[in-house]
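A short reminder: the numbers here are calculations on the coordinates, not readings from a lab. Because the structure is a prediction, the values reported are computed rather than measured. So basically every Cβ, Gly included, is an ideal-geometry build from the backbone, and we count neighbours across all protein chains shown.
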Amino acid sequence: MSTATIPIRLGLRENLGQFALLVLVNAFVGAMVGLERSILPAIAEEEFHIAARTAILSFIVVFGIIKALTNYFAGRLSDRFGRKQVLVAGWLVAIPVPFMLMWAPDWDWIVGANVLLGVSQGLTWSTTVIMKIDLVGPKQRGLAMGLNEFSGYFAVAASALATGWLAAAYGLRPEPVYLGVAYVAVGLLLSLFAVRETRHHVAHEVRTHHPAADTLTQGEIFRRASLTDRNLSSVSQAGLVNNLNDGMAWGLFPLLFAAAGMTLAQIGVLAAIYPAVWGVTQIFTGALSDRIGRKGLITWGMWVQAAGIAVTAAGADFVAFGLGGVLLGLGTAMVYPTLLAAIGDVAHPTWRASAVGVYRLWRDLGYAVGALLAGITADLFGLAAAVWLVAGLTLLSGLGVAIRMTETLTRGKA
């Protein structure tokens, strides 16, 4: 049966098959990031003898900048050429990544692999987000985004745990990176042969729920999402700071844990706790935002993140680090799907994909800002000082949301 002859209905239950398939695809997208979480800082120190924290975190800076820019264009490209084409293109770009990580003769190859990974993640993850919003329509956006981010970040955790275990058993390379070959192969095949285009769902939503036209230029969308719209710009700044602290956690937490005497296996477990809690609890926080609203969860989520980072900075053993990871994961789960749902609340369907692209541009620039800021601070003042600084910035971000943002959930559509 062709797409044109399939009755178009909006809703999670009405599109459960395709929605579940996209959840699975996004798990493989997330697993590609988890591939690096446990092992790349150790590879930098042990194999390439890089001591400066800023240099070690260079792979996150490159990843964040490239992914951020790709996010922005992914929204525009998916409007122009279709969601599925962009998704497949993202997986094609990822094909060389695991081989470059396995065989890299120097650190520049690792940085180059993260250029490709950033492009791939920007195309694939952005598109799975947009496609799920397309399918569910005005209702259950929070639940839809919770399920999407659950699949991605639980996979980050599982992949980080698996690579940490393989690294402890077999060495840092190449065995842990074999998983990446499987991730790319399965993700590409599912996207190519099983995923269906969703742009026709957007046209149906416009006809049935948004009959009034709301056409904006790309410049107008960028300004709204970045500065002028109180809600969209609040979402963008919170997203940037959220990924700022994630970039710090990605690059500095393994070094902080190692400095405290943790083994490679323990570091793998600790690296997995935060995204695992984040991933699992997003199912519930996303759905909760459909009931109680977006603003409170975003505000308090940023503050819980700040508390988790502070506990980690003050910690000195496995239990304290684990508690910090749980709090950081819980706070991130309160924020992450809720930010995306808030964009769906505010943006008109005709420019929603582009608004998601602008938000994800700012959000993933946070990786680069966080890695640079944390790396420079760690080199000048030590690891703990860098972690404390990021905790303070996260606290201030939540305060900004509390002051500037208004509630975006329209109760009649929840």
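Considering only LEU12, ILE309, VAL184, and ranking their Cα positions along the charge dipole of the chain that arises from unit charges at the beta-carbon of Lys, Arg, Asp and Glu, the one farthest toward the positive end is LEU12. Volume of the convex hull of region 260-388 (Cα atoms only), normalised per residue: 112 Å³. Relative intensity of the chain on a log10 scale, I(q)/I(0) at q = 0.06 Å⁻¹, equals -0.21, per a Debye sum over C-alpha point scatterers of equal strength in the absence of solvent. Region 317-385 and region 242-291 have Cα centres lying 11 Å from one another. For the chain, a crude dipole built from +1 on the beta carbon of Lys and Arg and -1 on the beta carbon of Asp and Glu, taken about the Cα centre, is about 1520 debye to the nearest 20. With R₀ set to 25 Å, the beta-carbon distance separating GLU407 from ARG223 gives a calculated FRET efficiency near 0.65.
A simple count of charges around ALA104, restricted to other residues whose Cβ falls under 13 Å of its Cβ and scoring Lys, Arg +1 and Asp, Glu -1, yields -3. If the Kirkwood radius is taken over C-alpha pairs of region 75-205, then at 4 °C and 1.567 mPa s the Stokes-Einstein diffusion coefficient equals 80 µm²/s. Summed over qualifying helices (DSSP H, 4 residues or more, each -39500 (n - 2.57)) and divided by its residue number, the chain shows a 222 nm mean residue ellipticity of -27000 deg cm²/dmol.
Taking the Cα centre of region 53-180 as reference, the dipole from Cβ charges on Lys and Arg (+1) and Asp and Glu (-1) amounts to some 460 debye. One decimal place: the segment GLU14-TRP103 gains 27.5 nm when fully extended, by the rule 0.36 nm per residue minus the C-alpha distance.
In plain terms, the chain from GLU46 to LEU192 could stretch by 48.7 nm, reckoned as 0.36 nm per residue minus the Cα-Cα distance. Projecting the Cα atoms of LEU255, LEU87, LEU393 onto the charge dipole of the chain (Cβ charges, centred on the Cα centre) puts LEU87 farthest toward the positive pole.
When only Cα pairs below 8 angstrom with a gap of at least 6 residues are kept, the chain shows a relative contact order of 27 percent.
Most tightly packed first, judged by the mean number of other beta-carbon atoms within 10 Å of their residues, the peptides 224-237, 130-143 read 130-143, 224-237. Multiplying the residue separation of ALA265 and ASP317 by 0.36 nm and subtracting their alpha-carbon distance yields 17.3 nm. For the peptides 57-69, 176-188, 93-105, the ranking by packing is 57-69, 176-188, 93-105, with the highest mean count of neighbouring Cβ atoms within 10 Å listed first.
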